[in-house]
Structures are given as C-alpha cells and as structure tokens.
1. Just how large is the dipole of region 159-249 about the Cα centre, in debye to the nearest 20, putting +1 at every Lys and Arg Cβ and -1 at every Asp and Glu Cβ?
2. Students often check this: by mean Cβ neighbours within 10 Å, which of 206-213, 129-136 ranks highest, and how do the rest follow?
3. Can you give me the % of accessible surface on region 110-178 that is carbon or sulfur? Probe 1.4 Å, all protein chains present, nothing else counted.
4. Give me the 1.4 Å probe accessible area per residue for region 229-284, excluding ligands and nucleic acids, in Å².
5. By the gyration tensor of its Cα atoms, with a ≥ b ≥ c the square roots of the eigenvalues, what is the shape of region 82-177: rounded for a/c under 1.5, prolate for a/b over b/c, or oblate?
6. How much area per residue is accessible in region 113-190 when the probe is 1.4 Å and only protein heavy atoms are counted (Å²)?
7. At a 10 angstrom cut-off on C-beta neighbours, averaged per residue, how do the peptides 86-93, 256-263 rank from highest to lowest?
Amino acid sequence: MNEVCNDDSLLLMELRSISERSAAVSRFNNQNFTVEEDDTTTDVAAAVSVVSGDPTDDSEMSLDQSQQDLDILHDPTTESFHKSNAKRFLALNPENSNFNQYWYSTKTIEALSQAILEILRKGRYDEGKRVAFLSTPSLYFALAPAERVHCKLFDYDRAWENDPGFVFYDYNHPVSFHDAKTLQGSFDMVVIDPPFITHDVWKNYAITSRYLLKYNPIQNDTDDGRKGHVIGTTVKENKELMMELFGAKPAVFLPNCPHLVYQYNIFLNCVEDCEALKKANPEFEHNIRNSASQ
C-alpha cells in the first residue's frame, strides 16, 4: 500500500486512527478467538499465529515441509480454513484510508485463495511453491501456516511487520526492498491489488512482479511450459493494460469489495486453468435480490 492518497485516487473512507489498528493487532496477539460459521462455532485458537506473526522455528518444518505442501494443496478442508481466516482478518484489521485500503469480502477472499492453490496444484513446480502477495494482506493471511511458509507479503502498511513473511514495500521504488537480491527470481506467482488504478502505478507493480518471478509471465521460458503466474484486481477499463503487462485476461468471477465505489475485475494470465474463477460470484446475485425486494 502507498502513502496518503491524492486527488485522482479512489474515494476515501472515513479516516480510522492508527491507534484503532494497533489495538486490533494487540487484541489478536493476546486472545483466543472463535468464529461463528453457519450456526456452528469453530475453535481457531490453535491457528492464532496465522495473523499474529509469531515466528516459527525453521527446525520444525524442514524434513516434512515438502509433504505438507503437497497435502495442503489437496486438502478439502482448506476452503473452510480460508473462510475462518478471512473473517478473522476482516474483524481485526479495519480499512485504513491513509493507505487507501479496501478489503475483499469473505467470499472473495475464499475464492481467490482457492484459485491460488488450484493454479499451483496444476502447475509444474518444484517443492516449496512461492507466492509474492503485493499489497494483498487479506489473501496472504487467509492461507494456512503450511501454505504461507514459502510466501511473502509486500506492503507499505507496517501493521504486519512482525510477521516473518512481511517485506516493507513502496511501489514508488519497485525493486528497492529488504533482501531484494535474494528474493529476485524466486517466486512462482504474484498476486497484486495496488492502492490506485492508474497506469503508472500498475507499471511499477509490473516491474516488481517481473523482478520477483522465476519465469516470464507473458510467454513460457522453458521447454516444459513453465511461466510466471499473475493474479491482479483492477477496473475493467484496464483490460488492455493487463494484457500488455502480464498477458492477463478477465475472469468470470467478479471480486466484491464492499466499500469500493466501483466494480473491480480479476485478471490472470492462466484464466483457462482456473476453475475456481470461472463461475459468477453469488454475492452479486444475492445483493440484486435484496435491492429488488426493498
């Protein structure tokens, strides 16, 4: 996320204080939580470290990590885990207008999380599938610990700087961040949601993406068809830009950002391989029915 918005940015929400964010993070770090889900209460106390940022001992996830990665990609219970994590993130992290933050809805976070895992599962990847989350903290923290261990969150908001995967990121300096040389060319996928929709901002994110990805996102760099995968969200008017920068096409599934004043689309450069985003978002049909009945 970037700094204070300018006159050409999206419509800002009411300013929420930094102390409110700090209090939310503190509550998370010091309490156990339960999540109400379809009349049942799921105990998530054991998963507090998903958002709290508690570092994990590397010695505990060395020999078994590769098998855990494979298991999580095929685990049918992962979907509910993403849902509970999404609800927890939204409850504890109010949108901060200083950073032009507009969170996805729970269902959208769930769908995008499933899409990420589906693409990784279908791809030809080495062990340790790596995803760079560029200004997409809600998606990063929706993942299970075993899913996140190889991932990084690149963000301007330091609210999550205690998480071991956090990398401070300012899109105005697209390849200037901590440990840049080590991270260069080490990711299989980037997931992007910039704070602004302008072309110059997107072009900086594209520079970062190409720097981080192992392979070219537009064409296959290898004989076995590998390429760097990209998922991004922006307005439909940026369709040609997304094709130019990433070879990305719009998905059928439309993301729901409840407090955003206009509709986003999801763009990805492997849309034909992603079943999770080929269906319409049921939230919009539900909203249409509710509006018609009022």
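The values are calculated or read from the model by the stated rules, or taken from the named source; none is laboratory data. Nothing here was measured: the structure is a model prediction, and the numbers come from that model. Note that we place each Cβ from the backbone using ideal geometry, even for glycine, and neighbour counts take in every protein chain shown. Quick note on the areas: whole protein, heavy atoms, side chains included, nothing else; ligands and nucleic acids left out. Shrake-Rupley method; radii C 1.70, N 1.55, O 1.52, S 1.80 Å.
1. 220 debye
2. 129-136, 206-213
3. Within region 110-178, the accessible surface is 44 percent carbon and sulfur.
4. 45 Å²
5. Since a/c reaches 1.5 but b/c is at least a/b, the shape of region 82-177 is classed as oblate.
6. The answer is 36 Å² per residue.
7. Sorting 86-93, 256-263 by mean packing, highest first, produces 86-93, 256-263.
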